[in-house]
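Chemist: One structure follows; several queries about it will come next.
The values are calculated or read from the model by the stated rules, or taken from the named source; none is laboratory data. Because the structure is predicted, anything quoted here is derived from the model rather than measured. Glycine also receives a Cβ, built like all others from the backbone with ideal geometry; neighbour counts cover every protein chain displayed. Ligands, DNA and RNA are excluded from the accessible area calculation, which covers all protein heavy atoms including side chains. Shrake-Rupley method; radii C 1.70, N 1.55, O 1.52, S 1.80 Å.
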Amino acid sequence: MKKILPISLLFLASAASASPAIVAHRGGTADAPENTLPAIKLALENKADIVWITVQLSRDGVPVLYRPADLKALTNLQGKVSQYTAEELAKADASVKWKDKDLPENLLNSPIPTLKSVLSAWPDTRFFIDIKSQDADPATMGNALLNVLKETNSLNRVRVYSTEDRYMEALPVEIPALSRAAKPARVWPRFR
């Protein structure tokens with residue numbers, strides 16, 4: 001009995017310290033235009049612990065936040081993200097589908113942000129980065145992500161994920177990944 005009690009207390013103490021986290025999917029897509037700066041700001045004001053964002057590569061190789069395959073799904077543009085430069089995407093309105101939902105003025109006319117601008121705006125926030133860039137070369141995407149993560153000193157506060165194995169396999173080893181198939185050294189079980 002003397003040995004069981006300390007082990008039980010250790011188990012309870014470790015379970016108590018592993019509290020669940022609130023993750024704002026696509027920056028809080030139910031409350032604001034998804035993957036936009038206002039959505040992320042609102043998610044953090046609502047006490048999200050982690051923000052899940054989706055990235056694609058622009059024509060000029062810049063990781064930007066956008067999920068659907070076609071820009072017409074959520075913006076005033078048409079076509080793939082990869083057909084536009086990051087500067088052109090910054091002029092898009094990602095709140096088009098929200099115009100009839102009585103959004104506050106500060107959530108309207110939301111452009112497509114770059115990953116760098118998001119990570120720079122919230123340097124202490126943890127992010128899950130979901131790769132959805134259908135036509136991007138996986139190695140190019142991996143290197144572009146690594147460059148932004150290094151520039152913004154974000155390697156210790158992000159986890160990268162994709163439903164497409166080709167992107168996960170092409171990630172540089174320095175990038176922390178979320179994957180059941182990833183090698184244990186690549187998966188970080190907890191944020192620091």
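Chemist: In whole Hz, what ³J(HN,Hα) sequence does segment 23-31 give by Karplus (6.51, -1.76, 1.60; θ = phi - 60°), x for Gly and Pro?
Modeler: 10, 8, 6, 6, x, x, 4, 7, 10
Chemist: Would you mind checking which residues have amide H under 5 Å from ASP93's amide H? H placed 1.01 Å from N; only 5 or more apart, or other chain.
Modeler: ASN76, LEU77
Chemist: While we're looking at this one, here's another question. Counting pairs of Cα atoms in segment 124-164, how many percent are more than 12 Å apart?
Modeler: 60 percent
Chemist: Name the aspartates and glutamates eligible as straight-distance cross-link partners of LYS101: C-alpha to C-alpha under 20 Å, and not fewer than 8 places from it in the same chain.
Modeler: Correct list for LYS101: ASP31, GLU34, ASP93.
Chemist: From the square roots a ≥ b ≥ c of the eigenvalues of the alpha-carbon gyration tensor of segment 82-131, which class results: rounded (a/c under 1.5), prolate (a/b over b/c), or oblate?
Modeler: Cα axes put segment 82-131 in the oblate bin.
Chemist: Next question. Taking the Cα-to-Cβ direction at GLU87 and at ASP135 and moving 7 Å from each Cα, how far apart do the two end points lie in nm?
Modeler: So the two model labels end up 2.1 nm from each other.
Chemist: Ranked from the most accessible area to the least, with a 1.4 Å probe and all protein chains present, what is the order of ARG159, ARG166, ARG59, ARG126? Kindly include the intermediate steps, with their values, before the conclusion.
Modeler: Details: ARG159 5, ARG166 95, ARG59 135, ARG126 70 Å².
Largest accessible area first, the residues go ARG59, ARG166, ARG126, ARG159.
Chemist: With the crude spin-label approximation of a point 7 Å out along Cα→Cβ, what separation in nm comes out for LYS99 versus ALA69?
Modeler: Each label point is offset 7 Å from its Cα along the Cβ direction, giving 2.6 nm.
Chemist: Tell me whether segment 26-135 comes out rounded, prolate or oblate; compute the Cα gyration tensor, take square roots of the eigenvalues as a ≥ b ≥ c, and use a/c under 1.5 as the rounded threshold.
Modeler: On the way: a/c = 1.81, a/b = 1.16, b/c = 1.56.
Since a/c reaches 1.5 but b/c is at least a/b, the shape of segment 26-135 is classed as oblate.
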